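A quick write-up on the structure given underneath.
The values are calculated or read from the model by the stated rules, or taken from the named source; none is laboratory data. These numbers come from a predicted model, not from an experiment. Using ideal geometry, Cβ is built from the backbone for each residue, glycine included, and neighbour counts are taken over all protein chains shown. Remember, those area values only see protein heavy atoms, side chains included, never the ligands or the DNA or RNA. Shrake-Rupley method; radii C 1.70, N 1.55, O 1.52, S 1.80 Å.
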Amino acid sequence: MEFFNGDLASLLHPISVDEFFRDYWGEKPLHIHRENRDYYKGLYSSGDIDDCLRFAAPVEGWNEKVKMAVKFKMVSSEVLFDRNQPGFDYQMIRKSQRAVSLIMNFIQGQNNRVSRMAKLMERDLRGRIKGRVNVNAYLSPGNSYINPHVDTHDELNIQVEGTKRWRVYEPRIPNPYPGMPMDNGFDPESQSLFIWGRKPCLEVVLQPGDFIYMPRGFWHDPVNTDSEPSLGLTIGVHPVCWLDTVLSSVRAVAENRQELRQSIPAGLSLDSRTEQMIRENIQGFFAATPEWASLSEMIANLRRDNPDDGGAPEDLYLPSHEAVEALGPDSVLSRPRDGAWMFHPTYGLLRLNVGGREIGLRKELKGALEHIRDYASFIAKDLPGELTQQEKIQFCRFMLNFGAVQFDHTKGTQ
C-alpha cells in the first residue's frame with residue numbers, strides 16, 4: 001500500500017485487521033515500520049498547526065467538542081491564553097524553547113481530513129468494540145520528552161514528521177479505568193520508582209510513516225532524541241467497558257426508585273445496623289435491575305454518554321492535498337452551497353459554524369469573514385482586514401481544511 005487511506009486497514013498495513021484484534025488489541029504493543037516517509041502525506045502537518053495557532057481563538061467554556069487545548073510542560077496555560085485578548089500568543093508558542101510538547105486536542109474538530117479519518121476509524125472499530133475516537137496532535141521540539149506515563153484508553157499512534165523514540169513497559173494495572181486511584185506517571189518521583197531498573201518490553205524509534213499501537217495500561221515515555229521537531233498524531237480509542245453497563249443500569253434504577261436518591265442518614269457509619277442496611281439496599285438494587293434496567297435501557301444510557309456526532313466520512317469536503325498546497329493569491333473560492341455556514345461575533349469574539357462544527361477565530365479576521373459571508377465567490381488576495389497577502393493565503397488554506405470554503409471550479413484559477 002503506497003499511501004494512507006484514512007481507514008483502519010491502511011493504518012495497520014501490512015498487518016490485517018483480524019490479526020491485529022486477535023493478537024494485539026488490549027494485549028501487547030505493535031510497531032509497524034514503513035520504508036515510506038510520505039505514507040501519511042496530506043493528512044496533517046506542522047503547517048496545519050501553524051495556521052491554527054495564527055487564526056483560531058479557543059474560548060474558555062465552549063462546547064468540549066470544538067474547544068482546542070494547548071498545553072506546555074513548564075509553561076503555565078495563562079501564558080498561552082488571555083481571556084481579554086482571544087487567541088493564542090503565536091510568536092511565544094513557536095519560539096519558546098522551554099516547551100516539552102505542544103498538544104492540540106481534538107484536531108478532528110478543525111480539520112476535515114482528520115475528521116474523515118476519525119469517522120472511518122469509528123466505523124471500522126464498530127463491529128469489534130464500542131467506543132469513541134479522539135485525535136490529538138503532538139508537536140515536540142528537538143531533544144524533548146514527555147514524562148513516562150500511562151493512559152486509560154488505547155492509542156493508535158502515527159509518526160508524521162521527525163523521529164521519536166518510544167520505550168514501553170509492562171502495565172502495573174491491566175485495563176485501567178478513568179478515575180481509578182492510580183499513579184498516572186506525571187509525578188516524577190512515583191513514576192521513577194515504578195520503571196527504575198525495569199527493562200522495556202519494547203523500544204523503537206518511530207520514523208515518518210511508522211505506526212505504534214499502545215494498549216491502555218502500558219507505561220511509555222516518548223522522547224524526541226533528534227534536534228529536529230517531531231509531529232505525531234494519537235488516535236485515542238475510548239472503549240465502553242463492562243463497568244459502563246453496570247453504571248448505566250445504576251442510573252436507570254435510580255431514575256425510577258426515589259429511595260436510592262435519598263441522602264444517607266447522618267451517623268450511619270456508627271450505627272450497628274450499617275452493614276445490614278447496605279446489604280438490603282444492594283440486594284434491592286440487583287432485584288430491581290431486571291425490572292427497571294432492561295438491556296435496551298442500558299444501551300440507551302450508553303449511547304447518551306457516547307453520542308454520535310452524525311455525518312458520514314464521504315460528506316466532508318476534501319480538495320486534493322496538491323490543490324490546497326498550490327493555493328495562491330488569485331485562487332477563486334466560495335462558501336459550500338450544500339452545507340450550513342454561520343458566522344457571527346459574540347461579545348467581541350468570532351464564531352464560525354460549518355455543518356454543526358464550531359470554531360473560534362481571532363477578532364482581526366472579522367472583515368475577511370464578512371467578505372466571505374457576503375459574496376458568492378471571492379479571490380484570496382481580495383480579502384479585507386489586517387492580513388498580509390501571505391496570511392490571506394494561509395487563512396484560505398485553513399478555511400479549506402476546516403471545510404468552511406471550497407474551490408470555485410466555475411470561475412478563475414485554483
Practice task
Could you please find all residues in region 378-414 being more than 29 Å from the chain's Cα centre (by Cα), open to solvent by less than 30 Å² (accessible area, probe 1.4 Å) and within 11 Å of residue 333 (Cβ to Cβ)?
Solution key: 378, 380, 383, 408
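Which one is most open to solvent (accessible area, probe 1.4 Å) among residues in region 322-339 that are part of a loop (DSSP other than H, G, I, E, B) and over 20 Å from residue 113 (Cβ atoms)?
Narrowing region 322-339 to residues part of a loop (DSSP other than H, G, I, E, B): 326-330, 335-339.
Within this subset, residues satisfying the condition of being over 20 Å from residue 113 (Cβ atoms) are 328-330, 337.
Values: 328: 15, 329: 39, 330: 79, 337: 160 Å².
Among those that are part of a loop (DSSP other than H, G, I, E, B) and over 20 Å from residue 113 (Cβ atoms), it is 337.
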Exercise for the section: Just one of (1) more than 26 Å from residue 228 (Cα to Cα); (2) over 12 Å from the mean Cα position of the chain (by Cα) trips up residue 134, so point out which. Expected result: (2)
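What number of residues in region 163-181 are in contact with a helix residue (DSSP H, G or I) (Cβ under 9 Å, 6 or more places away or on another chain) and over 18 Å from residue 234 (Cα atoms)?
Step one: list which residues in region 163-181 are in contact with a helix residue (DSSP H, G or I) (Cβ under 9 Å, 6 or more places away or on another chain), which gives 167, 169, 172, 177.
Narrowing further to those that are over 18 Å from residue 234 (Cα atoms): 169, 172, 177.
So the count comes out to 3.
In region 110-132, which residue that is in contact with a strand residue (DSSP E or B) (Cβ under 6 Å, 6 or more places away or on another chain) and not charged (D, E, K, R) is modelled with the lowest pLDDT? Show your work before the answer.
Looking only at region 110-132, we keep the residues that are in contact with a strand residue (DSSP E or B) (Cβ under 6 Å, 6 or more places away or on another chain), and these are 110, 114, 118, 121-122, 129, 131-132.
With not charged (D, E, K, R) added as a condition, the list becomes 110, 114, 118, 121, 129, 131.
Details: 110: 84, 114: 95, 118: 94, 121: 94, 129: 83, 131: 78.
That would be 131.
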Handout entry: Of all residues making up region 342-371, the number that are among the aromatic types (Phe, Trp, Tyr) and surrounded by fewer than 17 Cβ atoms within 10 Å (Cβ to Cβ)
Key = 1
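Among the residues that make up region 138-152, is at least one of them on the phi > 0 side of the Ramachandran plot, buried (at least 17 other Cβ atoms within 10 Å of the Cβ) and out of contact with any Cys (no Cβ under 6 Å at 6 or more places or on another chain)?
Keep residues of region 138-152 that are on the phi > 0 side of the Ramachandran plot, which gives 143.
If we keep only those that are buried (at least 17 other Cβ atoms within 10 Å of the Cβ) too, we end up with none.
Looking for residues that are on the phi > 0 side of the Ramachandran plot, buried (at least 17 other Cβ atoms within 10 Å of the Cβ) and out of contact with any Cys (no Cβ under 6 Å at 6 or more places or on another chain), one finds none in region 138-152, hence no.
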Practice task
Mind listing just one residue for me: the one in region 311-321 that is open to solvent by less than 30 Å² (accessible area, probe 1.4 Å) and part of a loop (DSSP other than H, G, I, E, B) and, of those, modelled with the highest pLDDT?
Solution key: 319
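Being in contact (Cβ under 8 Å) with a residue 24 or more places away in the chain, open to solvent by 30 Å² or more (accessible area, probe 1.4 Å) and on the phi > 0 side of the Ramachandran plot, is that true of even one residue in region 21-39?
Within region 21-39, the first condition is being in contact (Cβ under 8 Å) with a residue 24 or more places away in the chain, and the residues that meet it are 21, 24-39.
Add one more test, that the residue is open to solvent by 30 Å² or more (accessible area, probe 1.4 Å), and what stays is 21, 24-28, 31, 33, 35-38.
Still in the list and also on the phi > 0 side of the Ramachandran plot: 26.
Yes, that holds for at least one residue.
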Handout entry: Scan of region 116-146 for residues that are assigned to a loop (DSSP other than H, G, I, E, B) and over 24 Å from residue 53 (Cβ atoms), ordered by number
Key = 126, 127, 128, 129, 130
Problem - Considering residues of region 102-122 that are under 15 Å from residue 156 (Cα atoms) and charged (D, E, K, R) only, the residue least open to solvent (accessible area, probe 1.4 Å) - result: 119
Handout entry: Conditions (1) within 29 Å of residue 135 (Cα to Cα); (2) polar (S, T, N, Q); (3) open to solvent by less than 30 Å² (accessible area, probe 1.4 Å): number failed by residue 249
Key = (1)
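Being in contact with a Pro (Cβ under 8 Å, 6 or more places away or on another chain) and open to solvent by 30 Å² or more (accessible area, probe 1.4 Å) is the filter here, so list the residues in region 1-20 that pass it.
Going residue by residue through region 1-20, those that are in contact with a Pro (Cβ under 8 Å, 6 or more places away or on another chain) are 1, 6.
Residue satisfying the conditions is 1 alone.
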